[in-house]
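What follows is a set of notes on a single structure, which appears directly below.
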Amino acid sequence: MFKPARMKKLRIITLDKYADSAVSSLHESGLVQIEDISERIQQDAEWRQILKPSSTSPFTGKISSLLMKTSGTVDFLKSMARKEKGILPLVKGFISPPPIKKVEVEALDTQELIQKAEKVLGEVESKTKPLEEKINQLDSRKTELENALRVARNLSNFNVDLGLLEESDYVSVIAGKLSLESYDKFMGNLKDLTDEIVVFDQDSESKGFKILVVVTVNKHAEEVLSQLRKMEFERFEFSGLSGKPDELIGKSQSELESIAREKESILNQLADISAEWFEELRALKEELEIEKQRNEVFSSFGETEKTVLFEGWVPEKKLKNALLTIDTSTEGHSIVDVTDPDVEKDEIPVQLDNPKFAKPYEMFVHMYSPPNYREVDPTILMAFVFPFFFGFCLTEAGYGIADALIGYIIFRGLGRNSKTMANMGLIMIACGVWAVILGLVTNSFIGDFFPRFIWGDTAMALPTTIPSINSFAHPENILIIAILVGVIHLNLGLAIGAYNNIVRGDIKEALGAQIVWFILEAGVVLLALGYLLLGGGILMYAGIGVLVLSLIMLVYFNGMFGIMDVSGFLGNVLSYARLLALCLSTGGIAMTVNILTGICAEMIPLIGIVIAPIVFVGGQIANLAFQTLGAFINALRLHYVEFFAQFYIGGSQKFKAFRAKRKFTNIGGK
């Protein structure tokens, strides 16, 4: 429970005709982590004499190609699906998302799955491809019409058939938009260009611009264009356009409306296809992903002419199930060698093994680093201490209730379809409960909400308050508690670190890195007791002696720099004062919001009664959000920086079972 799961190493040999069956069964059971031995075969001369590296299945390329095609189709159909509009469906999806519908599928071999995928994709493509092509045609035509509409609107003051403006054998027509500043410059340069040019202009609807129509002979067209380009001239393309601008505007608008209606009809057809096929295609995508993983794992094996060999890891608790799965799938034609890992040489994967209540906190440990196979797993300790630290940082009953409710909503909502979100929901509930408990005993419920607004006497305290730790009256006592909690937490880490070092046989490291601090603390306690209780005497001198001994040990085991570690240790202890700082800031800001609310209600005539609730709700929600985030980060920081630093090694690889991840499919009703 306080150690990672015990592991067993497997070496499996079976006939090649049973390899597919063994791989499929192990993949579905998700019991074993497969190790890649291909590199070892190539490097070890003894292994190379009897084995050669296996290769991936010949169907892998085809499976990968079909998977890419299926993924593209699934994404396309998802984008075409009908979506409910408005904020209500969004909120409903967060609070109560629909459960994932699983599709029941048959257990197919690779070739059968390829045939199924080709058939399904062919059928869907026959329905979607013509519609996609039609949409592309409509979009292309829409772009042409939008350009025509833009040109026609800009040239609407020129009552001329646009077909007449196209370039002829002798004359070029250039139309576009130019800023007034550039227009003046261009007109000033005309005399230097040519006399064979005519310019028509009108004011543009865009302020500060002119619409120009420049007519010149072909031989001067490029020179005129060159001058205009230097002035950021926006040229209009009217090739293929005919009719007067007003006629063209009406015609283009009418056709655009027709295109919009036709496109909407096609999108409705695609939405119907999405509703019919999306779930089946999503399931097919998952089947192909699983089959691809199975086909690729063979490259991790070794083989002879008629046998295959592969290695893996299995948690000791699941060994019997793994052996039964292998024996059944190979019809008894397999040899399995089970050995204990070599903790010095093997890279042993780590699987955390904790009770159900502590499981959600495993993700925090993995975020930092999976523990070493031989060291203590701190997950259970985090399950108790992290919510307490969060509650200490928040120490606000009203906010704690809100956080617990948010956690419950996440657990019952998004947690239905996501294990990670379910775990986060449970963590938030535990954190919220601790915040409520600590808030009630320290006199904080939305700051001083009840004394100020309900009872009308800010000197009163909640009936659940313990007077000596009233956060508004005796913050110094809360500081003492925070420091004591820090000392206990650090000592727990030191004890675990000493145990880990002793188990590894590193007694010197245990004495110099952990035990020395227990001796130093004992010296401080004896010195303090002798001074405070006896006013000196033998107890005080004993404390001084123990302190000197601890300093000698620090120098002996860690060199002269060991003395500097004293300030580091003191810094770690004082770091827990952040518990007080965050506790007071939460209640203090909540009280400030309450004061501002009262001021708005009392001092602002008429509208004050309207502004006050807005100030109260907005201020408290903002404080809740910031303080919840701060409490979460600092509770995590006290573990990662102060606690883990006393003992944690980590650096192991997480156990990754060879598992078929079936989120959207079931085989035969499983």
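The values are calculated or read from the model by the stated rules, or taken from the named source; none is laboratory data. Everything numeric in this text was worked out from a predicted model, so none of it was measured. With ideal geometry, Cβ positions are generated from the backbone for all residues, glycine too; neighbour counts draw on all protein chains shown. Side chains included, ligands, DNA and RNA excluded: accessible areas come from the protein's heavy atoms. Shrake-Rupley method; radii C 1.70, N 1.55, O 1.52, S 1.80 Å.
Expressed as an acute angle from 0 to 90° and rounded to the nearest 10, what is the orientation of the C-alpha long axis of helix 180-193 relative to the principal long axis of the chain?
With rounding to tens, the tilt is 50 degrees.
Rounded if a/c is under 1.5, else prolate if a/b is larger than b/c, else oblate: which is the stretch 228-312, with a ≥ b ≥ c the root eigenvalues of its Cα gyration tensor?
Taking the square roots of the gyration eigenvalues as a ≥ b ≥ c, the stretch 228-312 is oblate.
Spin-label point model (7 Å from Cα, Cβ direction): what's the V171 to L190 distance in nm?
Label at V171, label at L190, 1.6 nm between them.
Compute the distance from the alpha-carbon center of the stretch 407-460 to that of the stretch 489-568, in whole Å.
40
Taking 0.36 nm per residue of sequence separation and subtracting the Cα-Cα distance, how much length would be gained by fully extending the chain between K419 and V555, in nm to one decimal?
Extra length available between K419 and V555 comes to 44.1 nm.
Multiply the residue gap between E237 and I259 by 0.36 nm, knock off their C-alpha separation, and tell me the result in nm, one decimal place.
Additional length available on full extension: 5.7 nm.
For helix 110-154, report the angle its Cα long axis makes with the longest principal axis of the Cα atoms of the chain; keep it between 0 and 90° and round to the nearest 10°.
Helix 110-154 sits roughly 50 degrees off the main axis of the chain.
Which percent of the accessible area of the chain is formed by carbon and sulfur heavy atoms (probe 1.4 angstrom)? Show your work: numbers first, answer last.
Numbers: 21200 of 35710 Å².
Using a 1.4 Å probe with all protein chains present, the chain comes out at 59 percent carbon and sulfur.
For the stretch 41-47, just list the computed ³J(HN,Hα) in residue order, Karplus coefficients 6.51, -1.76 and 1.60, θ = phi - 60°, integers in Hz, with x standing in for Gly and Pro.
4, 6, 8, 9, 4, 5, 5
Report, to the nearest 10°, how far helix 516-533 tilts away from the longest principal axis of the Cα atoms in the chain, using its own Cα long axis and a range of 0 to 90°.
60
Averaged per residue, what accessible area in Å² does the chain show with a 1.4 Å probe, protein chains only? Please report the intermediate quantities before stating the final value.
Numbers: 35710 Å² over 670 residues.
Averaged over the residues of the chain, the accessible area is 53 Å².
If you take the square roots of the eigenvalues of the alpha-carbon gyration tensor of the chain and sort them as a ≥ b ≥ c, do you get rounded (a/c under 1.5), prolate (a/b over b/c) or oblate?
oblate
Taking the Cα centre of each part, how many Å lie between the stretch 650-670 and the stretch 98-157?
Between the Cα centre of the stretch 650-670 and that of the stretch 98-157, the gap is 33 Å.
Taking the full set of protein chains and a 1.4 angstrom probe, give the accessible area of W47 in square angstrom, rounded to the nearest 10.
Rounded to the nearest 10, the figure is 40 Å².
When we measure straight from the Cα of K92, which lysines land under 16 angstrom away, once same-chain ones fewer than 8 places off are left out?
Partners found: K83.
Could you put L554, L526 in order of accessible surface area, largest first, with the 1.4 Å probe and the full protein assembly present?
Numbers: L554 0, L526 50 Å².
Result, largest first: L526, L554.
Looking at the stretch 1-100, which GluC sites (Glu not before Pro) are in a loop (DSSP not H, G, I, E or B) and have at most 16 other Cβ atoms within 10 Å?
Hits after loop and neighbour filter: E84.
Can you list the trypsin sites (Lys or Arg not before Pro) in the stretch 149-219 that are in a DSSP coil and have 16 or fewer other beta carbons within 10 angstrom?
Answer in residue order: K207.
Using only helices, what value at 222 nm comes out for the chain when you add -39,500 (n - 2.57) per DSSP H run of length 4 or more and divide by the total residues, to the nearest 500 deg cm²/dmol?
-20000 deg cm²/dmol
Once the Cβ-Cβ distance between I135 and L574 is put in as r, and R0 is 51 Å, what FRET efficiency do you end up with, to the nearest 0.05?
Numbers: r = 66 Å, r/R0 = 1.29.
Calculated value: 0.20.
Could you sort H366, H639 by accessible area so the largest value comes first, with the probe set to 1.4 Å?
Result, largest first: H366, H639.
Pull out the extension gain between D44 and K3, defined as 0.36 nm times the separation in residues minus the alpha carbon to alpha carbon distance; nm, one decimal.
On the way: separation 41, 0.36 × 41 = 14.76 nm, distance 3.37 nm.
Full extension from D44 to K3 adds 11.4 nm.
If you take every DSSP beta bridge whose two residues both sit in the chain, what share of them, in percent to the nearest 5, is antiparallel? Intermediate results must be reported in sequence, preceding the final value.
Details: 40 of 45 bridges.
Given both bridge residues lie in the chain, the antiparallel proportion sits at roughly 90 percent.
Enter the accessible area of I466 (Å², nearest 10), with the probe set to 1.4 Å and all protein chains included.
80
Between E331 and I87, with labels modelled 7 Å along Cα→Cβ, what's the label distance in nm to one decimal, could you check?
It is 6.5 nm.
Going by average Cβ neighbours within 10 Å, how do the peptides 489-495, 527-533, 85-91 rank, with the highest at the top?
Taking the mean over residues of other Cβ atoms within 10 Å, the ranking is 489-495, 527-533, 85-91.
Going by a ≥ b ≥ c, the root eigenvalues of the Cα gyration tensor, does the stretch 1-82 fall in the rounded group (a/c under 1.5), the prolate group (a/b larger than b/c) or the oblate group?
Since a/c reaches 1.5 but b/c is at least a/b, the shape of the stretch 1-82 is classed as oblate.
Under a point spin-label approximation (7 Å from Cα along Cα-to-Cβ), what is the E144-L532 distance to one decimal in nm?
9.1
Per residue of the stretch 596-607, what does 6.51 cos²θ - 1.76 cosθ + 1.60 with θ = phi - 60° give for ³J(HN,Hα)? Whole Hz please, x for Gly and Pro, Karplus curve as stated.
3J(HN,Hα) across the stretch 596-607, in whole Hz: 4, 4, x, 4, 4, 5, 8, 9, 9, x, 6, 7.
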